[in-house]
Amino acid sequence: MSRYIAFLRAINVGGGRTIKMKSLRQPFESLGFSKVTTFMASGNVVFETTIRTVKSLEKKIKKRLQEALGYEVAVFIRTDAELAKIANYKPFSRPKIDAATEFNIIFLANTLDKKITQKVRALQTETDEFRVHGREIYWLRRPKQCRSTFSTMPLEKTLGRPFTIRAAKTVKKMALKYSSTKS
């Protein structure tokens, strides 16, 4: 059995998409996955299965969630070993992270090509800095001197594909709790 972490987009963010964690675990259990658990109430599901193909898992879970919830949910899966590497990756210096108001990790289904990576880098502002690494984008937000107008909309337009965002602290906690390779 291998352990996987599914990061789901738009779970419990309002707009009628509020779901109890027990109800979120049920579609995973119905697929025959074992040791299904959730972490926080924001669409993080940990499970074990013998299936080894991540893309196959993402498709099965996406389909089952659509059936169970009645709306499409983007699914981004990482292994427990990948989660540890993501949590331990150092895209910014410790002083920069400590001075930031937010440090987030954006999960993607696939790596970005060079053209889109350059477009993501071009989104940087005085308050927002991005680092692309593998299937993740690390997003550092500095304290705002004035009202920042940056939202995820330019990022959505630039990427042209679904993604989901988690606080780096949440990812680190998950890696400590669920990775066989402790971070």
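The values are calculated or read from the model by the stated rules, or taken from the named source; none is laboratory data. Since this is a predicted model, take the numbers as computed values, not measurements. Please note: Cβ atoms are built from the backbone with ideal geometry, for glycine as well, and neighbour counts cover all protein chains shown. Ligands, DNA and RNA are stripped out before the accessible areas are found, and what is left, the full protein with its side chains, is counted by its heavy atoms. Shrake-Rupley method; radii C 1.70, N 1.55, O 1.52, S 1.80 Å.
Taking 7 Å steps out from each Cα toward its Cβ at residue 109 and residue 66 produces label points 1.0 nm apart. Across the chain, the fraction of Cα-Cα pairs farther apart than 30 Å, rounded to a whole number, is 19%. Checking every one of the chymotrypsin sites (Phe, Trp or Tyr not before Pro) in region 57-129 against DSSP loop status and a limit of 13 other Cβ atoms within 10 Å picks out 71. Inter-label distance, residue 176 to residue 123: 2.9 nm, where each label sits 7 Å from its Cα along the C-beta direction.
Heavy-atom accessible surface of region 1-94, averaged per residue, reaches 50 Å², computed with a 1.4 Å probe. For region 2-46, the list of trypsin sites (Lys or Arg not before Pro) that fall in a loop by DSSP and count at most 15 other C-beta atoms within 10 angstrom reads 17, 20.
According to the Kirkwood expression over distinct Cα-Cα pairs, how big is the hydrodynamic radius of region 1-73, in Å? Let's see the in-between values first.
Values: mean 1/r = 0.0815 Å⁻¹.
About 12.3 Å, per the Kirkwood formula over Cα pairs.
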